[in-house]
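Every read-out reported here was derived from the displayed coordinates using simple, explicitly stated rules and does not represent laboratory data. On a predicted model such as this, the values are computed, not experimentally measured, just so you know. Don't worry about glycine lacking a Cβ; one is built from the backbone with ideal geometry, like all the others, and counts go over all protein chains shown.
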Amino acid sequence: MTSNFKKSLGEIVSIEAWYTGFSEEDQQSDLFLHVRFQEAVFGGDPSQSVRFKLRLKKADIVVIAEAPINVPRSRVRRDRLNMEAKLTEVRKTELEGSVEGSVEANVKPTGVSGGAQFKATGKAAGAVEKNSTREIRHSGTLVEHSVDSEGNNRWSFNPAEGPNLFGQAFNATEPVMLMRIDGKPPKIPPTVKVRVHCLREDIDVLELEAKNISKSLLNRGIGEEKKLKLAEEIIKDYLSREGLEFEDVSEKFAKLVVADVIAHDE
């Protein structure tokens, strides 16, 4: 049986959750998650007065496995995952000709690892550095496990580099936990919910700009605070339409569910 139940705040995060169906012959199953953090775009509706993009600064993913499923504590993935970031640094120098070189290394949140290499061509003697640029090609993600106040398994995601979560969270698709049913499996498959939580302050509003401004409002001017209020109203409306749980979106410590998925069996 496959469930298509999936809700998200403008596809700000993509989640696939699946497991092998339970049977009398096999009463246990691994749960898999594929997580990708994305950029959500709002303001395309002509009736909306502002346009903007959203990204997450950090988020929690909570798995709620309903009865009769139980999860052995020893079979939950608890290792601290640290996806490495890759830094490419390009330097340009010049003296009666030019010398161009590059330094490439793997970067962790704690610093640059070994294995850096430098290649150069041309005349290097006495060369004067003209400029230097650094580019982060992949920000990386820190993932840590904990248990919430209701005993549900929770994985917290933070960017290893930069302000936002972006891109695929895991390098490989591996089970995050084992689920088990004691006794005869029910005729109706049990529900496994996967929810993405965050605080309002963890939602980054980017490239916020006004559109469709009335002449009277244009004469008075529209400040950043007013534009943010309009954006928050759009966010609130979207959460309501999707049926996602949320508190006051203007309060920075308000709790919001930005994605809600039911895992499917296959």
- Message: Could you check the spin-label model distance between N158 and S47? Points 7 Å from the Cα along Cα→Cβ, value in nm.
- Response: 4.1 nm
- Note on the structure: Cβ-Cβ cut-off under 12 Å around A263, Lys and Arg +1, Asp and Glu -1: the net charge is -3
- Message: Taking R0 as 22 Å, what FRET efficiency do you get between S74 and F253 from their Cβ-Cβ distance, rounded to the nearest 0.05?
- Response: 0.05
- Query: Going 7 Å from the Cα of T173 in the Cα-to-Cβ direction, what parts of region 252-266 have a backbone nitrogen less than 18 Å from that spot?
  - Reply: 261-266
- With a Förster distance of 45 angstrom and the Cβ-Cβ distance between Q27 and K211, calculated FRET efficiency to the nearest 0.05 equals 0.20
- Item | ³J(HN,Hα), Karplus 6.51/-1.76/1.60, whole Hz, each residue of region 60-75, x for Gly, Pro | 10, 10, 10, 9, 10, 9, 7, 4, x, 6, 10, 10, x, 4, 6, 10
- Item | Charge tally in the Cβ shell below 14 Å around E207, where Lys, Arg are +1 and Asp, Glu are -1, E207 excluded | +1
